[in-house]
Each structure stands twice: as structure tokens, then as C-alpha cells.
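Only one structure is covered here, and it is reproduced in the block below.
The values are calculated or read from the model by the stated rules, or taken from the named source; none is laboratory data. Computed from a predicted structure; not experimentally measured. Side chains included, ligands, DNA and RNA excluded: accessible areas come from the protein's heavy atoms. Shrake-Rupley method; radii C 1.70, N 1.55, O 1.52, S 1.80 Å.
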Amino acid sequence: MSSLIKNVGTIGGLTMVSRIFGFARDMLLARVLGAGLAADAFQLAFTLPNTFRRLFAEGAFSVAFVPTYSRALHGEGGETAAAKFADDVLSVFLWILLVFSAVMMIAMPGIVWLLARDFQEVPGKFEFAVFLSRVTFPYLALVSLVAMLSGLLNARSRFAPGAFAPVLLNIVLIGGIITGWWLRGPGGDDRIVAEALCVAVSIAGVVQLAYMWWAVRRAGLKLHWHLPRLTPEVKKLGMLILPATFGAGIYQISQFVDTFFATSLAQGSLTLLKLADRLNQLPLGIVGIALGTAILPMLSRHIHSGDAQEAQRLQGNAFEIATLLTLPAAAALAICAPAFVTAFFVGGRFTEADGAIMAQIVAALVAGLPAYVIVKILNPGFFAREDMRTPVWTALAALIVNIAINLYVVEHYGIVGLAGATAASASLNCILLYTVLHRRGWFHFTAKIAGRIARQLIAVAAMSALLWWMMPMMAPYYGGGVFERIWSLAALCTAGGAVFFVVAFLVGALDKDLVAMLTRRRAKPAATEE
């Protein structure tokens, strides 16, 4: 537990910094571009490389590469075998990225047509989206190499550099927005801002790669390029990556599905969905990515050493931490969505009407927040055992259900129904994954975990009642001056957080060892789970 919390704290803390900068980026973007033609075109252009990044680089590649590299590192060959494996993977991976990027950029008109054919109904929107997508797509190759370098360090429990790299992306993008706003001037064409921002995306990839290369060299690791060789180890990695692409990426694949449906709705719908997802991504990134990244190498070591009890304990601890943080976050975001959206986004070219729709989207999205995070805890239970097929089938089932629900809800409930369908499909995927893990005896709920979650729900109910009572009382301040917006949100967060943790402590929802570690006090070891 101590090691898990330390690693999650490192990754989560730096991811929080990244999400804060990302939040600032989207606040600026909303005010400078609003929810119109240029904003939609940029969101589509950024969605393509960013989703492929999460799907392949940070998803499938990481979950397949880290356990394989860890096994080589801790096996008989040690550092020598691990270094050779990394060099072979890099030499093959680089050429695949270059070819894939070139093909995608050539085929970009067809790809944009598949995702956003309705953009053609607005003069110039489709062509502009194709141009911007070609400008941003080189980012995929750059950030994929960043993901590989992060995997090398993660396998050695060096999580900080990889968690810090996204901060650089958001800093460069903020610079791109400011540059575009300056070039546009008063009353200028919004397309100038979108173009400057897309150029900044590719520049950010170069900056991230340079930083991670420095971090790897600083850790004493050296990589070498050579002619690509399909060694047995590289072939095995490739066979693991193919199914893991789907199994690890249901959320990302759903993003493509959502993009397709969102672009068929009123102009600005895609932008509102992506901005709403920023609020959802804040706790998802801090908790989900941190937990998933931290437990995979640890779980791999326990499983390969035959220590099933420690593997169960590790996932159980991760499950408790996930629900402790995501259940109150989901409830608070759903209830306080109008306050957060108004305070952070409404202003400039982003209207109150845009904010009202976005708040409903946020409430629908966060209904699946606990599931999004728990999936990242359950998937490593398969990946660490090199079982990539099972997550494929569960993800496929969830995706089919997602599409089926969308065909109904988009027509009747618009963009809000689309967000709700995403949450429902993620929850289904979570249930299916746990069911398979339980039936195979790889992970199961204990009475301790179930009791802890029940107590957490009591604390969530108390917090929700308070926030529900406070929201209308403070409504005049959410859209006021800067100071009024800050103190009104601070009051909601402080009051809600205080009530949750006080009630959680009183009803026993907090693990005593977890409290002791977070407060840096010694505590007696918790009883062994049955």
C-alpha cells in the first residue's frame, strides 16, 4: 500500500498539474474561439492524433511494452536483455509510426469525411478541418516515442518524467492560443487562432520528445537505432499490441464514435462535448491514469513471482482508493456542473446558452466517472497475465451497446444523450471485466472492500445534500467578477470536501493505514483480507 500510494501520489500530483494547465488552455480557448466553425475544426483536428495517442501509444503500446520490458529487465538477461529489447522495439516502432503518419495525412480528406461528413454543409468548414488535421497529425509520431520512453522509466518505477511531459504540451498550447489571439486582433478571422494552435500542437510534440530523451539519458539509459529486425520478442510484443489496442482503448474508441455523432448535430456541439470532457478528465486523469500506470509494473512482478495474494491485495487497495476519490468527484461535478461551467468558461465568445448545454453534458459524462477509473484498475489484471483477448471482447460488447444507445438517444436528447451513452457503455465494460476476473479467481470483492464502499456512499450522500442546498444560494456569484467566481467555487469545494471526509472518517470509510500514510503518521497494519 505504501509503495502504491507513493507512486500514485507522484503520477497523480504531476497529472494534476497537467490537468490544471489543460483546464487553463480550454478556458482561454472557449473565450477566444467560443463554439463555432473554427473551434469545431480545431477540436476535430486535435481529436485525431490525441485519440490515437491514448489508444495506441499510452494505451495498447504501454500495457504491452511495460510488462514485457519488465520481464526482460528482471529476468536472466537483466540490463543487457532489456536494452537489446528496447533498441529492437524502437527501430521497428519508429518506421511504423512514420509510415502510418504519412498514410493518414494523405488519406485525411477521407478520414475527416468518415468522422464529420456533415461539416460539408457549412461552406469551408470541411476543407479547413482537413487542413488543420494534417498540421496536427505529426504530433502522433512524436508523442508515441514519448510514450515508449515513459514506459522504459515506468518499468523502473521512475514515474515523474512521463507524468510531467503533458504539462509541456499544455504550456505550448497556451502559448499558441495567445499567439493566435494576438495575430487575429480585434474582429479578425477566428481561423488564424485555430491555425496557430494546430502548429503549436506539433511543436509541443518536439518539446515533449526532447524532454523525455533527456530524462532517459539522465536515468543512465541509452537507446540506439539500427535497421529494423523482427526478433521473436518484437513479434510477441506486436501480437500483444493488436488486441490490446482495442481492449485498453474503449474510452478512446468511444471518442471517435462520439465525434461522429456530435458532428451531425448543431454547429458547436463537438466543441461543447470536448470542453465538457475536460472537467471529466480532471479526476479521471489524476486518479485513473495514476492508478493504472502505477499498478501495472507492480502487478506484473507479483503475478510472475506467483504471489497471487499480493496481486489481489494490490488491486483491492487500488479499488478502494479509486472509489474513495471518484465517487465524491462524480457526485460533486454532476450537482455543481452549472457553477463550474459558468465560472470557468462563460465569457468572451462563449455564451451563457453554450454554458447551460455544456453543464448538462458534464452531468451526463461524470455518471460514468467511477467506471472509467475502475476499468484502468481492472485491465492490468489481464495485461499483466498477457491476456489481451478478454478486454477485447468486453470492450467490443460495450462499444456495440454504446452505438446502439446512440442511435436512439442522439435523435431524442441530442448531445446530452450522447454523453450519457458513453457513461453507460463504460459502466458495462467495467461490470464485464470484473465478472471475468472474479470467475477466473484473479480478483474478487471482499467483505472489507464492499463495506468500505458502502460507507463511502454514505459520505457521498451527506456531501451531495449539502451541495444541493448551497448551489441555488450562491448562483448569483458564479458568473460575477473574478473574485466572486473564485470564492463561490472555493466555498462549494471546501464545504463539500470537508463534509465528505468528516462523515467518511466517522462512518469508517477511510482505511486507517491510508489515513496514516497521507498524514505521514505511523499506523498499525490493517488486518489481512480473507
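Note the per residue figure in Å³ for the convex hull of the C-alpha positions in segment 126-268. Working shown, then result.
On the way: hull volume 22.6 nm³, N = 143.
Each residue corresponds to 158 Å³ of Cα convex hull volume.
Using only the alpha carbons of the chain, what is the convex hull's orientation-averaged projected area in square nanometres?
Details: hull surface 96.9 nm².
That works out to 24.2 nm², a quarter of the Cα hull's surface.
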| How are the C-alpha pair distances of segment 320-442 spread across 5 Å bins, as whole percents from the shortest bin up? | 2, 11, 17, 17, 17, 15, 10, 6, 3, 1, 0, 0
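Any idea of the accessible area per residue across the chain, 1.4 Å probe, to the nearest Å²?
Details: 21810 Å² over 530 residues.
Normalised by residue count, the accessible surface of the chain is 41 Å².
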| query | In whole Å, what three semi-axes, largest first, describe the equivalent ellipsoid of segment 293-376 built from its Cα gyration tensor (square root of 5 times each eigenvalue)? | reply | 39, 12, 9
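Would you work out the Kirkwood radius for segment 420-468? I mean one over the mean of 1/r across all pairs of different Cα atoms, in Å. Display every interim value, and only then the final one.
Numbers: mean 1/r = 0.0769 Å⁻¹.
Kirkwood radius, segment 420-468: 13.0 Å.
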| said: I'd like the carbon and sulfur percentage of the solvent accessible area for the chain, probe radius 1.4 Å, heavy atoms only, ligands and nucleic acids excluded. | reply: 68
